Amino acid sequence: MRVTFTVNGEERVVDDVWEGESLLYVLRERCGLPGSKNACEQGECGSCTVYLDGTPVCACLVAAGQAEGGTVRTVEGLAEGHRLDPLQEAFVECGAVQCGFCTPGLIVAAHDLLARTDGVPADTEIREALAGNLCRCTGYEQIIEAVRLAAGRGAGPS
Amino acid sequence: MTTRLESGVRGGIGDSPVRPDGNLKVTGEFAYSSDLWMDGMLWGATLRSPHPRARITSVDLTEAVKLPGVHAVLTHEDVPGARCYGLDHRDQPVLAIDRVRYQGEAIAIVAADHPETARRACERIVVGYEVEEPVTDARRAALDPACPKVHESGNIVRHQPVRVGDASAATADVVVTGEYEVGMQDQAFLGPESGLAVPAEDGGVDLFVATQWLHVDQEQIAACLGLPAERVRLTLAGVGGAFGAREDLSMQIHACLLALRTGRPVKFVYGREESFFGHVHRHPAVLRYEHGATSDGRLVYVRAEIILDGGAYASSTPAVVGNAASLGAGPYNVPNVAIDAYGVYTNNPPCGAMRGFGAVQACFAYESQMDRLAEACGLDPVEVRIRNALSEGSTIATGQVVDMPAPLTDLLERVRAFPPPAARITGEDGRPDLLGLPGGVANTTHGEGVVRGVGYGIGIKNICYSEGFDDHSTARVRLELVGGEPAVLVHTAAAEVGQGLVTLQAQIARTELGVDRVTVAPADTAVGSAGSSSASRQSYMTGGAVRAACAAVRARVFALAGRHLAAEGRGGRVPADLALADGKVVSESEGVIATLAEILHAEAVEETREFRHRPTRPMDPLTGQGDSHTQFAFCVHRAVVDVDVELGLVKVVELAAVQDVGRILNPVALRGQILGGSAQGLGLALMEEIQVRDGVIRNPSFTDYLIPTILDMPPMRTQVLEHPDPHAPYGLRGAGEPPTLSSTPAVIAAVRAATGRSLTRVPVRPEHITGHAMDKPSDLG
Amino acid sequence: MSMEFLRPATWAEALAMKAERPDARPIAGGTDVMVELNFDRTRPPALLDLTAIPELATWNTDIVPGWIRIGAGMTYTRIIEELGGMFPGLAIAARTVGSPQIRNRGTIGGNLGSASPAGDLLPVLLANRGAEVWVESVRKKAGPYPVYDFFTGPKRNLLAPDELIREVRMRVTHGPEQFAKIGTRNAMVIAVCSFALTLDPGEREVGTGIGSAGPTPLLAFDAGEYLAGELDWEGAGPLDDRVARRFGELVAAAANPIDDVRGTAEYRRHALSVMARRTLGWAWADYRKGAAECA
């Protein structure tokens, strides 16, 4: 089938999509956007988190056809040209990135949190907002520090 | 030693420059093995056995081959070279031959134009099985001669005794015993097994893969493909975590076989479920310990039987047994030791490397015993450890002298001295914040039944490969002018698995060569082996190799500086106190001699060096004696937990760790290792287990194999000590594994303190805390 | 390989498609269906996507006085945000579902359709005495099933092949509600077991619901009857600890759990008795507070 949707501001028409494919597969294998990661295929790890119509979702749990006519924003769509989003900068700076496989999903989830929060969110808010994103390398502490740092630099609602 | 201006180098040793792959990773542009894509590529899929033990009576591919879109379906008959591979024993078939020995063993592989087509083709392969009763009891496999054999060679992969003094005759005032069990932990890296094999014009293959050790993969793959090693070229693709799980082969040979057969690139990406069958796990273990001590808590003897279930194939079981045996007495002085460690074959899932590697299982048991001893002697748990702790000059159970700093007393005292965490957090309305309570937002308690507990754990881990293994790493370093500026290219085959090795290699080159601009080339087999990214060894080994290659480059630059001076007519004498700094050759006494730009011109200075740590020796097969290790590392944890004793739910309130690393090379990356390692230890303590019954995995998914979330990890305090090891480059001590050892026993000790339960098995489940387990351990308090 | 993807834009169109393709698998948040697809456990001939039907994702209270209609497409996130004041128990339960990403997609209709004994909202619906699942087909106009009749076994419900779940109707009691769930980690966990409690001060009735401790979500009917008779509704006095304990025992007795990877049957019974006792304590404290404020 054909799926037409907007990804990172660009309209995409994707043909030959198998009806059982996920949005994640379409992004990764058909749109050349492998930034969203496939780590569990069941919504348990958050590595594939993208914005769908402004809401963070697990792209592995969205059937490709459900994105028809929708607007998707992936980790590839957060930086403005070569200028990283403050969250992306903070992740690198704080050591929140090790193997990095969870990073794209975490950054989208954290991006959503900061977009909804004025000022620096409390640790408990950060933890609850990122509870759907598994990281196996960092033990999370440097991720929390990165979110705080980015929020402190004014990465909040614009 | 030449004078170096180490501290002055920005982005050098001791600094935390940003990761060179950091920007790519945060923007989603970093190419992991699962992201690779080529025109015309096919997708691979694997048919796996549903049975843990069966004879294969027939394999019919007819229907699979007929499916449109299928390009190849292969079985063991299509393996042109060696039929089996393995890290140590080559006992694991590339594709099952006449029998399967574990659930999930690969039988056939398919290449098709869509992953769904490949899966459907697998479904059409008809395999005839004669199912047999699986061997699943590791202790029986080890000790009962009547137990059916998993392999013809017998069920014992390795039995390693350790004998010191006369532990069998020793008596003591205080005796504590315990039987402990460690469940099967999974590395649970987030990036499942994947890679892309591309057939080459020379009849060979290029493989892009996420692995921990390119050369050991290359060697095994080439043997099975029947190709010379130089025609099997590997390049490291982006690695989504490893933790030991990528030390064995998974899809490598399969992808190469299909690529060579179809003449097209073939990509494999395992899903999460397949990943649980696609790699080895941490050995589950049953450990029986008896410690004897004086009434004031000084150890007299230890007797232990450690049984490690290696599952169907050997993988790295022999080395895991070596660690469990040699480190089984823990970081303690014990005059009489009798340890017997066994690694066995069963029809359970194969087990091999995971962070901590044999030392984790033993640590849980001996630290549990130390707490029992403390209680029996009426001593504080930290005090009993201090009374027995190793120090520099002590001898461990293998007779090896600890000839490096071993500040265990200091570590223990520091962790004990940390202020206690605050009492429970309450919200603005005075009600307890659910997120701070056991059960969290699941709203199981508002404080009812919650008891706080504190516990400690300390461990000892060997760093680098042991027991006489020829452990080495290779580095090629090239210094040249690029656009008129000096630039360094570092090339090794060392696997960046997330730990930050790419950053570290560049830091070392900056420090050694005084050049800011350093690039680390992609890791591949075009340069010599770096050994594995495991055993906490890469800072030591590849760090050592990069440093050695830099030193060789530096020596040549100094020679060039002499030539330059002569050519300039500035005399033939070269100052003896030369150093490289800030792109210049400088002399402490005479100042700047020349810039690198002036010296190098169009010439590139390139040197390759192999680095080896001091040799180690095998363990004596009967007594375990021998200097089998090159370095020891230590970490201590304090855990503070709140336990809902009525419901058996645990909230870890705080973890504190103190570790000695010899020398801090990169503070941010080091802290990440301590935090991440501690998290994996917490996971083993409280939730992580591959549940296997009758050889069948019951929870191969992230829905039921639980790893800690951000709500499970508490805030952590860390402190790092730097007592340099005189034998190691920069005095460093490997740092990745020790935190994984000690956090598990610390968390469990804290839960015991809160509940009064003896809790002899990890992971602890709520029903063990409340006493509603199905199979109640006899000592469940 | 062949599968159809159906995407109705209106409810009528959805019913027509389902009538024509009774083998089509409805999908909304995808939190169950996509997992089955990704894990190669199901290959339905067609998917019927319900996310493009605006009226499914609405709620209102103006159909029948004292009742609320919650469209099947209401997500957990919106239930927490929009219905938490009216149904605190439902919001507590919704907050325990998966993760923010899952709550943003998963729906109450999906929870009912999947009919997992571990469905987090289901005990709360049972505890809302009289809650109804409204289903509809081309053949049959919309009608209710009582929630306690709806589940027929693990992942089975009364839905006929041509029917779709349109909405849930719940009684608005304004009484205290509680929900508690056992999981072996602090987020993203499927219930080992769960318990929901509703006190209905108007009717002086007690609603109960048990999750993950039987082939379907269960009522603890006897426990609720017992408690309704024992509570000091009039005087709003302190809770008698013996009553709370007895209530816990009766809840545990109503469960029918098994041993599985998530926990033992014995533990589940025990945990249910503890959760029943504790949630009663919290709900009764709320009731007393309310009574004190009214007095």
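The values are calculated or read from the model by the stated rules, or taken from the named source; none is laboratory data. Computed from a predicted structure; not experimentally measured. Every residue, glycine among them, receives a Cβ derived from its backbone with ideal geometry; neighbour counts consider all protein chains shown. Heads up: the accessible areas ignore ligands, DNA and RNA and are worked out on the full protein's heavy atoms, side chains in. Shrake-Rupley method; radii C 1.70, N 1.55, O 1.52, S 1.80 Å.
Summary table below
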{"read-out": "For chain B, calculated [θ]222 nm from helices alone, where every DSSP H run of n ≥ 4 adds -39500 (n - 2.57)", "value": "-7500 deg cm²/dmol"}
{"read-out": "Segment B:Glu219-B:Ala31, length gained on full extension (0.36 nm per residue, minus Cα span)", "value": "65.2 nm"}
{"read-out": "Cα-derived Rg to Rh of the protein assembly as shown, Kirkwood definition", "value": "0.98"}
{"read-out": "Cα-projected label distance for C:Ser2 with B:Ser587, points at 7 Å along beta-carbon direction, nm", "value": "8.7 nm"}
{"read-out": "Long pairs among B:Lys267/B:Lys651; B:Lys267/B:Lys461; B:Lys149/B:Lys267; B:Lys149/C:Lys155; B:Lys66/B:Lys267, criterion Cα-Cα beyond 31 Å", "value": "B:Lys267/B:Lys651; B:Lys267/B:Lys461; B:Lys149/B:Lys267; B:Lys149/C:Lys155"}
{"read-out": "Over 24 Å [Cα-Cα, the range C:177-294], rounded percent", "value": "25 percent"}
{"read-out": "Euclidean distance between Cα centres, the range B:589-629 to the range B:483-519, Å", "value": "15 Å"}
{"read-out": "Unit Cα scatterers, Debye sum, the range A:76-158: log10 I(q)/I(0) for q = 0.18, 0.22, 0.24, 0.26 Å⁻¹", "value": "-0.65, -1.01, -1.21, -1.44"}
{"read-out": "Minimum 40 Å² accessible area buried by the other protein chains, the range B:153-193 residues, probe 1.4 Å, relative to alone", "value": "B:Leu190"}
{"read-out": "Anisotropy class of the range C:225-268 from Cα gyration tensor, a/c 1.5 cut", "value": "prolate"}
{"read-out": "Choice from C:Glu136, C:Glu163, C:Glu20 showing the highest fluctuation, given a GNM over chain C with Cα pairs closer than 10 Å", "value": "C:Glu20"}
{"read-out": "Chain B: C-alpha gyration tensor shape, a/c 1.5 cut-off, then a/b vs b/c", "value": "oblate"}
{"read-out": "Kirkwood-based Rg to Rh ratio, the range A:3-76, C-alpha trace", "value": "0.91"}
{"read-out": "Approximate spin-label separation B:Glu485-C:Arg242, in nm, with each point projected 7 Å along Cα-to-Cβ", "value": "8.5 nm"}
{"read-out": "Accessible area expressed per residue, the protein assembly as shown, with surrounding protein chains retained (probe 1.4 Å, Å²)", "value": "33 Å²"}
{"read-out": "For the range B:263-320 and the range C:199-229, distance of Cα centres in Å", "value": "47 Å"}
{"read-out": "Share of carbon and sulfur in the accessible heavy-atom surface of the range B:350-445 [1.4 Å probe, %]", "value": "50 percent"}
{"read-out": "Peptides B:75-82, B:211-218 ordered by average Cβ neighbours within 10 Å, highest first", "value": "B:211-218, B:75-82"}
{"read-out": "Computed [θ] at 222 nm, deg cm²/dmol, chain A (DSSP H ≥ 4; -39,500 (n - 2.57); rounded to nearest 500)", "value": "-8000 deg cm²/dmol"}
{"read-out": "Neighbour net charge for B:Gly28 - beta-carbon separation under 13 angstrom, K R +1, D E -1", "value": "-1"}
{"read-out": "DSSP-assigned coil residues among GluC sites (Glu not before Pro) in the range B:683-781, each with at most 15 further Cβ atoms within 10 Å", "value": "B:Glu722"}
{"read-out": "C:Val64/A:His82 FRET efficiency (R0 51 Å; Cβ-Cβ; nearest 0.05)", "value": "0.30"}
{"read-out": "Stretchable slack from B:Asp144 to B:Glu722, in nm (0.36 nm times residue separation minus alpha-carbon distance)", "value": "203.3 nm"}
{"read-out": "In the range B:556-635, GluC sites (Glu not before Pro) in a DSSP loop with at most 14 other beta-carbon atoms within 10 Å", "value": "B:Glu568, B:Glu588, B:Glu590, B:Glu603"}
{"read-out": "Relative contact order (percent, whole number), the range C:4-171, Cα cutoff 8 Å, 6+ residue spacing", "value": "25 percent"}
{"read-out": "Kyte-Doolittle mean at least -0.5 and Cα axial length at least 15 Å: DSSP H helices in chain B", "value": "B:214-225, B:252-262, B:359-377, B:501-513, B:538-567, B:667-686, B:738-755"}
{"read-out": "Rounded D (µm²/s) - the range B:296-424, Kirkwood Rh over Cα pairs, Stokes-Einstein at 25 °C, 0.890 mPa s", "value": "152 µm²/s"}
{"read-out": "Alpha carbon Rg of the range B:1-147, scaled by the compact-globule rule 2.2 N^0.38 Å", "value": "1.62"}
{"read-out": "Sites B:Asp78 and B:Ser153 - FRET efficiency at Förster radius 35 Å, r taken between beta-carbons, to 0.05", "value": "0.85"}
{"read-out": "Rel. contact order, % - alpha carbon contacts under 8 angstrom, at least six apart, chain B", "value": "16 percent"}
{"read-out": "Counting DSSP beta bridges with both ends in the protein assembly as shown, the antiparallel % (nearest 5)", "value": "80 percent"}
{"read-out": "For B:Met370, solvent-accessible area (1.4 Å; no DNA, RNA or ligand), Å²", "value": "0 Å²"}
{"read-out": "Buried area at the C-A interface (accessible, heavy atoms, 1.4 Å probe, summed, Å²)", "value": "2400 Å²"}
{"read-out": "Accessible-area composition of the range C:4-171, carbon plus sulfur, in percent [1.4 Å probe]", "value": "55 percent"}
{"read-out": "Drop in accessible area of at least 50 Å² in the complex versus isolated chain, residues of the range B:33-48, 1.4 Å probe", "value": "B:Asp35"}
{"read-out": "Solvent-accessible area buried by pairing A with B, both sides, nearest 100 square angstrom, 1.4 angstrom probe", "value": "4300 Å²"}
{"read-out": "Cβ-derived FRET efficiency at R0 30 Å, B:Glu413 paired with B:Asp173, nearest 0.05", "value": "0.70"}
{"read-out": "Value of relative contact order over the range A:86-152, rounded to a whole percent, pairs C-alpha under 8 Å and six or more apart", "value": "55 percent"}
{"read-out": "Neighbour cut-off at most 13 other Cβ (10 Å), DSSP loop, GluC sites (Glu not before Pro), the range B:355-454", "value": "B:Glu392, B:Glu428"}
